[in-house]
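Following: one structure in structure tokens, then a few remarks.
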Amino acid sequence: MEITFDILAGILDAYAYEVVFVDRHHIVRYMNKVAKERYAGRVQVGQSLFCCHNENSRQKIEAFLQRADQGEDEMFETLNQKTGEREFFVPVRVKGQVIGYFERHEAHWDHEHPEVSVVQYWKNRI
């Protein structure tokens, strides 16, 4: 079976969290079903991410991109006090080059160390 865009979109639509993929120019290129529902009317494919983010967010995103260009993978952003979710900046690479990014949200696993991702949490418990 060849993996097509439709198959990948189906996989991402089955994911319980929102996925908003943004290119290097900060244009929204893809939103999964959950993202379309959560951000309806505020974020749209083809639109600049900065239609709904301020200058402070732009500076943080640019800094994350610089770190990604230096080889960093997923990076902790913040613990969102309103939602209780941890937010991570995730660079997307093709052939080693960062082509864009998305923000990943997850619930707490370790309240004492919210910067530790779920992957790292479980690796350290084994």
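The values are calculated or read from the model by the stated rules, or taken from the named source; none is laboratory data. In this text the structure is predicted, and so the values were computed from the model without any measurement. Glycine also receives a Cβ, built like all others from the backbone with ideal geometry; neighbour counts cover every protein chain displayed.
Please enumerate the residues belonging to the stretch 64-93 that are in contact with a Lys or Arg (Cβ under 8 Å, 6 or more places away or on another chain) and without any contact (Cβ under 8 Å) to a residue 24 or more places away in the chain. Selection gives MET75, THR78, GLU87, VAL90. No other residue among ALA35, ALA68, ALA63 is under 12 Å from GLU103 (Cβ atoms) and hydrophobic (A, V, I, L, M, F, W, C) apart from ALA35. Take GLY10 and decide whether it is small (Gly, Ala, Ser), in contact (Cβ under 8 Å) with a residue 40 or more places away in the chain and out of contact with any helix residue (DSSP H, G or I) (no Cβ under 6 Å at 6 or more places or on another chain). For GLY10, the condition - small (Gly, Ala, Ser), in contact (Cβ under 8 Å) with a residue 40 or more places away in the chain and out of contact with any helix residue (DSSP H, G or I) (no Cβ under 6 Å at 6 or more places or on another chain) - is not met. Take the residues in the stretch 1-59 that are among the aromatic types (Phe, Trp, Tyr) and within 20 Å of GLU106 (Cα to Cα), then tell me which one is surrounded by the most Cβ atoms within 10 Å (Cβ to Cβ). Looking at the filtered set, the residue picked out is PHE21. The residues of the stretch 79-92 that are surrounded by 14 or more Cβ atoms within 10 Å (Cβ to Cβ) and either more than 20 Å from ILE27 (Cα to Cα) or charged (D, E, K, R) (or both), listed by number, are LEU79, GLU85, ARG86, GLU87.
Pairing each residue of the stretch 94-113 that is farther than 20 Å from ARG29 by Cα with any residue that is at pLDDT 80 or above, provided the two are 6+ apart or on different chains, yields C-beta distances under 7 Å for GLU106/GLU85; GLU106/ARG86; ALA107/GLU85; HIS108/ARG86.
Annotation note: of VAL34, VAL94, VAL90, the sole residue that is within 14 Å of ASP23 (Cα to Cα), within 15 Å of the chain's Cα centre (by Cα) and among the β-branched types (Val, Ile, Thr) is VAL90.
Which is under 29 Å from GLU112 (Cβ atoms) and touching a strand residue (DSSP E or B) at 6+ places or on another chain (Cβ under 6 Å), of ARG86, ARG38? The conditions single out ARG86.
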